[in-house]
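Engineer: One structure follows; several queries about it will come next.
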Amino acid sequence: MAGALPLALDTGPDDAAATAPAVGRLRAVLPADFRGRVQSARELARARREEAAEHPPLPTAVPALDRLLAGGLPRAHLVELVGARSSGRFSTVLAALAATTGVGEAAALVDLGDGLDPAAALAAGVDLARLLWLRPADLQGALASAEIALGAGFPLVALDLGPPPVRGGRGIEAAWLRLARSARAHGAALLVASPYRVSGTAATAVLRADRARAVWQGGGATPWLLGGAATRLTIEKHRGTLPGQSAGLELKTAECPPGTRIQTPAAPAAAAPRPRPAVWEELPEPRRAAGGRR
Amino acid sequence: MTAAADADPGPAPAAARIACLHLPLFPLAARLRAEPELAREALAVVDGNGNAARVVAANRLARGAGVKPGQTLPQARALCPKLVARPGDAACERAAQEALLEVAERFSPRVEDAGDGVAYLDVEGIDRHFGKDGTPPELDLGRSLAAAAEAAGLPARVGIASSKLASRIAAGLPDSPVIVPAGEEAAFLAPLPLSRLTPEIDLAATLERWGVRSIGDFARLPAKRVASRLGKSGRDLHATSRGLDPRPLVPREPPPAFHEGMSLEWPLVSLEPFLFVGRAALERLCQRLESCGLACTRLELNLRLEPDGHQTRSLDLPAPTRDVKTLLTLVRLDLEATPPGAPVAAFAFLAHPDRPREAQLSLYGPAALSPDKLATALARLFALLGPDRVGSPQPVDGHRPERFALVPYAPPPPPETRREPRTGRGLLAVRVLRPPVALEVITEDAGETGEPAPPVEIRALVSEEEKKRLRIDGRVKVASGPWGLEEGWWTDDPAGRDYWDVELAGGGLYRLYRDRATGEWFADGVYD
């Protein structure tokens, strides 16, 4: 897939007959070196399906996340989870770590915010013996640590950037692309949890966690008790899925009485469907070489 | 003396087969192992200083120009103006000798260290593993020994015989390897000059007066009469001349650490040149560790400083590794953190070995991390972040959430069969603030009850820049508490706290506490 040039061609089943000749005509007018790099959206989608079959996703045991990501964190890809403070971002990271270490696999947490409480992680179900905890001082150290962890073969590397602003800035995009390439090379799932978008085009999927709504219990004569928080995860970007899909996420405190139901926020109104791109019925005639700018 | 009448056949030659690995021109070979780029130069190893320095050994290029051992350095330079002279280096020679012994130990567990580029190994019975393609087994063994030594940067010659002396002399001959068939040691030694036995000077003079010129002449003398005239040393020498070892092969004890180092031609004052020569030494060290199936668990660096003084540094590794890049990074960071403070005249690395981590692969369970890769990664992370920032988290006894322990990361082997992932608990986690953030808190009027009053407004007592980052400010929308925490009241560090969970009007769920002893407020966590 590396180096393939995606085309804005409609891949609907009805347009298959129209698309294939269009790609064929385009390939015919391109130089031979570029011909193999041109792929239609249909071919890209097929390649993605084959890749997904080869690397099954890593379940996170967070129903909302697994549903949005079609089974879990995709291996060999970078997934960015964006969320402000108290959005359930750190809880989601811990849940993913708990799911991975729970099945007996190792995982690494690059904790730039230095916010892990081992006792809380243990309560969340993380197998601490299988968790490598790295506490870098700045973003540069965090990126280097994550790359080393990916190179060591950890199937899940979670990079939590802590509360905003991130220590060391957003990092240059090349660094994130390098990290995504490293995840791809080692077949590892890389989960970046950040207070705002940092990874640019390197992320395969970007999910946004809304600010959580606290759920209090009690009141009146009885003392208030923090029962949990409810938030909503929304896909901002996903290669292969339309953005805008969302799912509610319920989080409960350890003290929350069993059976307590936490109402998740309602999904926002569905956005109007985007206009479908027109099929290139006719390709323009190739320009003549003469008359090019000197 | 009538030799024929009193000839004593003596004991039969021992059945053991002994191979000798011999490095000709040992000081030169050791220096070339440390600085292989000098192989293309006319090189001489000298002993002494200045114009009084004398050539100890010279390579072929230098010898071709007329340089010979014993010449003074000015004499040698007159013959060969481009001659590169290096002083004899005990550290290089020690490392080369250890490397030679390690090559021998790859073939036999019984190896004797004879010093100065000579190693004996007991090869009795191991020749059955050689000679598969029709080559005589011992010849194949000899070639394999020479090839293994060559791969370690040591151009050793090999001789195999039934006695140490015969094998040593065989190893000194050209056309290596030289095999002396069992029982033919005396015949092999007989035509050789007596000087090959390196007798003591007095003894050599006596034998010269007797007209004994070759080893065979000496061997034919009756043993009893030689013993009565020349004493114990004469008797031992006589036995040796007949191919009998007066002293059996004494296997050495493997050293507890691997040593590699060298004296520098001129003292180094900057880091990069030192790392350049240090890298080559570490590469040789790791190659030796790998050949023994070991890895480095602790690296010591000994520095000899100018004009005098020594410095020793110890670098503990989280897991045994033999990754040169990692070790070099650790050395670099250590030297950058605490520079030696004086020019470095010589250095030596000492690697304390350990078995590398191993893992049993599972057919049905999740894949385990490669022990080698993990060890290398941990060492690199140690170098990058520091040892107190890498490890496996562990809770500690008590209830103070900011406390934790970090233990070396050594994950248990994965289960033999893959487990199904469990549904998550969906627990709302707390992101701990380390250290806790001091707060200014306005509370409700507690009246006369004496009960802790809930906070109604909070403000972080930090710098303006940090305040923007933390944003723990504002009116409290809901406060839940107090939840008491009291521990260690019998210790010097007691903790008595009243905890509150608060939701700020501007958003954000925080965990606050009031210190009962001081009455100060802190935020120590964010629900996230």
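Bear in mind that the values in this text are calculations on the coordinates, not laboratory data. Computed from a predicted structure; not experimentally measured. Here the Cβ is made from the backbone with ideal geometry for all residues, glycine too, and neighbour counts use every protein chain on show.
Engineer: If you look at just the Cα atoms of chain B, how large are its Rg and its Dmax in Å?
Structural biologist: 36.2, 127
Engineer: If you take each beta carbon of peptide B:370-382 and count the beta carbons of other chains within 10 angstrom, what is the mean?
Structural biologist: Mean partner-chain Cβ count within 10 Å for B:370-382: 4.
Engineer: Follow-up question, since we're still on this one. Checking the cross-link filter: which lysines have an alpha carbon closer than 21 Å to that of A:Lys252, excluding same-chain neighbours under 8 positions apart?
Structural biologist: A:Lys252 reaches B:Lys477.
Engineer: Under 16 Å Cα to Cα from B:Lys467, which lysines show up? Leave out anything in the same chain fewer than 8 places away.
Structural biologist: By straight Cα distance, B:Lys467 reaches no lysines at all.
Engineer: Name the residue farthest towards the positive end of the dipole of region B:272-320 from the options B:Pro320, B:Pro273, B:Leu299, assuming +1 on Cβ of Lys and Arg, -1 on Cβ of Asp and Glu, about the Cα centre.
Structural biologist: In region B:272-320, that residue is B:Pro320.
Engineer: Using 0.36 nm per residue, how much length does the chain from B:Asn49 to B:Glu487 gain when fully extended, once their Cα-Cα distance is taken away?
Structural biologist: Stretched out fully, the B:Asn49 to B:Glu487 stretch lengthens by 150.6 nm.
Engineer: Let me ask you something else. Is region A:38-124 rounded, prolate or oblate when judged by the Cα gyration tensor, a ≥ b ≥ c being the square roots of its eigenvalues, rounded requiring a/c under 1.5 and prolate requiring a/b larger than b/c?
Structural biologist: prolate
Engineer: Here's another thing I want to ask about it. Starting from the Cα gyration tensor of region A:57-208, take the square roots of the eigenvalues, sort them a ≥ b ≥ c, and report rounded, prolate or oblate (rounded when a/c is under 1.5, otherwise prolate if a/b is larger than b/c, else oblate).
Structural biologist: Here region A:57-208 falls in the rounded category.
Engineer: Then there's this: Going by how many other Cβ atoms sit within 10 Å of their own, how do B:Cys20, B:Cys292, B:Cys92 line up, fewest first?
Structural biologist: B:Cys292, B:Cys92, B:Cys20
Engineer: How much of the DSSP beta bridge set in region B:338-481 is antiparallel, as a percent to the nearest 5?
Structural biologist: Counting DSSP beta bridges with both partners in region B:338-481, the antiparallel share is about 90 percent.
Engineer: Take every DSSP beta bridge whose two residues both sit in the protein assembly as shown, then give the antiparallel share in percent to the nearest 5.
Structural biologist: Looking only at bridges with both residues in the protein assembly as shown, the antiparallel portion is about 75 percent.
Engineer: Among the lysines, which fall within straight-line cross-link reach of B:Lys373, defined as a Cα-Cα distance under 18 Å, with same-chain neighbours fewer than 8 residues apart omitted?
Structural biologist: Answer for B:Lys373, where 18 Å is the Cα cut-off: B:Lys325, listed by chain and number.
Engineer: Please state the charge dipole magnitude for the protein assembly as shown, taken about the Cα centre, from unit charges on C-beta atoms (+1 on K and R, -1 on D and E), reported in debye and rounded to the nearest 20.
Structural biologist: 2640
Engineer: May I pose another question? Could you tell me how many degrees, from 0 to 90 and to the nearest 10, lie between the Cα long axis of helix B:324-337 and the main elongation axis, the longest principal axis, of the Cα atoms of chain B?
Structural biologist: 60
Engineer: Follow-up. Enumerate the amide H contacts of A:Val38 below 5 Å, restricted to partners 5 or more residues apart or on another chain; note that Pro and chain-start residues carry no placed amide H.
Structural biologist: Amide H neighbours of A:Val38, under 5 Å, 5+ apart: A:Leu5.
Engineer: While we're here: Looking at region B:276-363, which GluC sites (Glu not before Pro) are in a loop (DSSP not H, G, I, E or B) and have at most 13 other Cβ atoms within 10 Å?
Structural biologist: B:Glu358
Engineer: In addition: Add -39500 (n - 2.57) for each DSSP H run of 4 or more in chain B, then divide by its residues: what number comes out at 222 nm, to the nearest 500 deg cm²/dmol?
Structural biologist: -9000 deg cm²/dmol
Engineer: Continuing with this model, one more query. Apply 1/(1 + (r/R0)^6) to the Cβ-Cβ distance of B:Lys132 and B:Ser195, taking R0 = 30 Å, and write down the FRET efficiency to the nearest 0.05.
Structural biologist: Using R0 = 30 Å, I get an efficiency of 0.15.
Engineer: With a cut-off of 8 Å between alpha carbons and a minimum separation of six or more residues, what is the relative contact order of chain B in percent?
Structural biologist: Relative contact order of chain B: 10 percent.
Engineer: Just want the answer: with Cβ charges of +1 for Lys and Arg and -1 for Asp and Glu, which residue in B:Pro254, B:Ser195, B:Gly211 is farthest toward the dipole's positive end in region B:155-301?
Structural biologist: Of the options given, the answer is B:Gly211.
Engineer: I need the GluC sites (Glu not before Pro) found in region B:425-528, filtered to DSSP loop residues with at most 16 other beta carbons within 10 Å of theirs.
Structural biologist: B:Glu444, B:Glu448, B:Glu520
Engineer: How large is Rg/Rh for the protein assembly as shown, to two decimals, with Cα atoms and a Kirkwood Rh?
Structural biologist: We get a ratio of 1.14 for the protein assembly as shown.
Engineer: Treating the angle as unsigned and between 0 and 90°, give the value, to the nearest 10°, between the Cα long axis of helix B:223-241 and the longest Cα principal axis of chain B.
Structural biologist: Roughly 60 degrees, rounded to the nearest 10.
Engineer: Looking at chain B, send over the antiparallel percent of its DSSP beta bridges, to the nearest 5.
Structural biologist: About 90 percent, rounded to the nearest 5.
Engineer: Please name whichever of A:Leu225, B:Gly153, A:Pro155 sits farthest to the positive end of the charge dipole of the protein assembly as shown, dipole taken about the Cα centre and charges placed at Cβ: Lys and Arg +1, Asp and Glu -1.
Structural biologist: Final value for the positive-end residue is B:Gly153.
Engineer: Where Lys and Arg each count +1 and Asp and Glu each count -1, what net charge lies around B:Glu35 among other residues with Cβ under 15 Å from its Cβ?
Structural biologist: Combined, the nearby Lys, Arg, Asp and Glu give -1.
Engineer: Which of the trypsin sites (Lys or Arg not before Pro) found in region A:152-208 are in a DSSP loop and have at most 15 neighbouring Cβ atoms, other than their own, within 10 Å?
Structural biologist: In loop regions of region A:152-208 (DSSP not H, G, I, E or B), the sparsely surrounded trypsin sites (Lys or Arg not before Pro) are A:Arg197.
Engineer: Here is a further query. With θ set to phi - 60° and the Karplus curve 6.51 cos²θ - 1.76 cosθ + 1.60, what are the ³J(HN,Hα) couplings of region A:68-85 in order, to the nearest whole Hz, using x for Gly and Pro?
Structural biologist: Couplings: 5, 9, 6, x, x, 5, x, 6, 6, 9, 9, 10, 10, 10, 9, x, 6, 5 Hz.
Engineer: Now for a different question. Relative contact order (percent) for region B:471-511, with alpha-carbon contacts under 8 angstrom and 6 or more residues of separation?
Structural biologist: Over region B:471-511, the number comes to 42 percent.
Engineer: For A:Gly83, enumerate residues with amide H under 5 Å from its amide H, sequence gap 5+ or separate chain, H modeled in the peptide plane.
Structural biologist: Long-range HN contacts for A:Gly83: A:Ser194, A:Tyr196, A:Ala209.
Engineer: How many Cβ atoms of partner chains, on average, are near each residue of B:412-425 if near means within 10 Å of its Cβ?
Structural biologist: Taking the mean over all residues of the peptide, I get 6.
Engineer: In which sequence would B:Ile201, B:Ile442, B:Ile126 go, from the one with the fewest C-beta neighbours within 10 Å to the one with the most?
Structural biologist: Ordered by Cβ neighbours within 10 Å, fewest first: B:Ile201, B:Ile442, B:Ile126.
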